[in-house]
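J.: Pasting a structure below so you can have a look.
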Amino acid sequence: MRAVLRFWRYLYGANPLHLLAMVGCFALVGYAVSFVYEDPSIVALAIWFVGAVLAHDLVLYPLYALADQPLTISRWARRRYGPRRPPLVPAINHVRAPVLGSAVLGLIYFPTIAGRGEDALRFTAGISTAPIYGNWLLITGVLFLGSAVIYAIRLGIAARARNVGS
């Protein structure tokens with residue numbers, strides 16, 4: 001059985017469950033597309049989708065890979081020039097997660113934050129776009145605060161486990 005899995009990984013490059021998940025995702029996309037297939041705006045939707053994929057792969061991915069460099073460089077410097085013991089809890093994901101959440105929400109609500117679509121929002125929801133920027137800042141603050149609290153708890157647990165072990 002292990003030889004079959006090893007051969008599968010050699011051919012496919014991942015676990016068979018990965019292929020099953022990908023087939024499921026493509027089936028879900030096909031199901032969703034079947035609802036809009038007859039719609040005349042399907043061409044515009046396809047162009048938008050391809051543009052979004054290209055914008056992500058060619059613009060956004062390099063930008064957030066570049067934004068992640070200070071974190072990875074600081075980890076490298078700490079390992080190279082800092083104390084020889086590994087950190088109790090790596091902080092990198094406690095910074096990445098709230099930044100990603102804030103950035104995604106910022107992109108989603110950017111048109112509303114920028115003041116575009118005031119009439120549409122007032123018509124559909126009956127509210128103004130004025131509080132949305134403040135709400136986004138509040139959510140960003142809560143994301144960073146929550147991540148900092150979780151990091152502090154993990155540091156405390158790791159320090160306690162280190163003290164008990166020695």
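Every read-out reported here was derived from the displayed coordinates using simple, explicitly stated rules and does not represent laboratory data. Because the structure is a prediction, the values reported are computed rather than measured. FYI the Cβ positions are ideal-geometry reconstructions off the backbone, even for glycines, and counts take in every protein chain you see.
J.: Can you figure out the FRET efficiency of VAL104 with VAL50, using R₀ = 30 Å and their beta-carbon distance, to the nearest 0.05?
T.: Values: r = 20 Å, r/R0 = 0.68.
Between VAL104 and VAL50 the formula returns 0.90.
J.: Starting with the fewest neighbours, write out TRP136, TRP8 ranked by other beta-carbon atoms found within 10 Å of each beta-carbon. List each step's numbers first, then the result.
T.: Working: TRP136 18, TRP8 14.
Going from sparsest to densest Cβ surroundings: TRP8, TRP136.
J.: While we're on this one: Looking at the chain as a GNM with Cα springs under 10 Å, which of SER102, SER147, SER128 has the largest mean-square fluctuation?
T.: SER128
J.: Something else about it: State the label only: which of [x] 22.9, 69; [y] 15.4, 51; [z] 16.1, 51 corresponds to Rg and Dmax of the Cα atoms in Å computed from the shown model?
T.: Entry [x].
J.: With each pseudo-label sitting 7 Å past Cα toward Cβ, what's the ILE150-ILE127 distance in nm, one decimal?
T.: Here the answer is 2.5 nm between the modelled labels.
J.: Moving on to the next point. Given a Förster radius of 25 Å and the C-beta distance between ILE139 and TRP76 as r, what FRET efficiency does 1/(1 + (r/R0)^6) yield to the nearest 0.05?
T.: Details: r = 32 Å, r/R0 = 1.26.
It comes to 0.20.
J.: Show me, bin by bin at 5 Å from 0, the whole-percent P(r) of segment 39-86 based on Cα pairs.
T.: That works out to 5, 18, 13, 11, 10, 10, 8, 7, 6, 5, 3, 2, 1, in percent per bin.
J.: Can you give me the Rg/Rh ratio for segment 88-166, using Cα atoms for both radii and the Kirkwood formula for Rh?
T.: On the way: Rg = 18.7 Å, Rh = 14.8 Å.
Value, to two decimals: 1.26.
J.: Would you work out if segment 1-66 is rounded, prolate or oblate? Take a ≥ b ≥ c from the square roots of the eigenvalues of the alpha-carbon gyration tensor; rounded if a/c is under 1.5, else prolate when a/b is larger than b/c, oblate otherwise.
T.: Working: a/c = 4.33, a/b = 1.49, b/c = 2.91.
Since a/c reaches 1.5 but b/c is at least a/b, the shape of segment 1-66 is classed as oblate.
J.: Compute the FRET efficiency between ALA97 and TYR12 as 1/(1 + (r/R0)^6), taking r as their Cβ-Cβ distance and R0 = 30 Å, and round to the nearest 0.05. Kindly include the intermediate steps, with their values, before the conclusion.
T.: Working: r = 30 Å, r/R0 = 0.99.
Computed FRET efficiency for ALA97 and TYR12 comes out at 0.50.
J.: What are the ³J(HN,Hα) couplings of segment 34-51, residue after residue, when phi is run through the Karplus curve with 6.51, -1.76, 1.60 and θ = phi - 60°? Round to Hz, x for glycine and proline.
T.: Karplus values, whole Hz, x for Gly and Pro: 4, 6, 10, 4, 7, 5, x, 8, 5, 5, 5, 5, 5, 5, 4, 5, 5, x.
J.: Here is a follow-up. Out of ARG96, ARG122, ARG79, any idea which swings most in a Gaussian network model of the chain, alpha carbons joined below 10 Å?
T.: Result for the chain, Cα springs under 10 Å: ARG122 fluctuates most.
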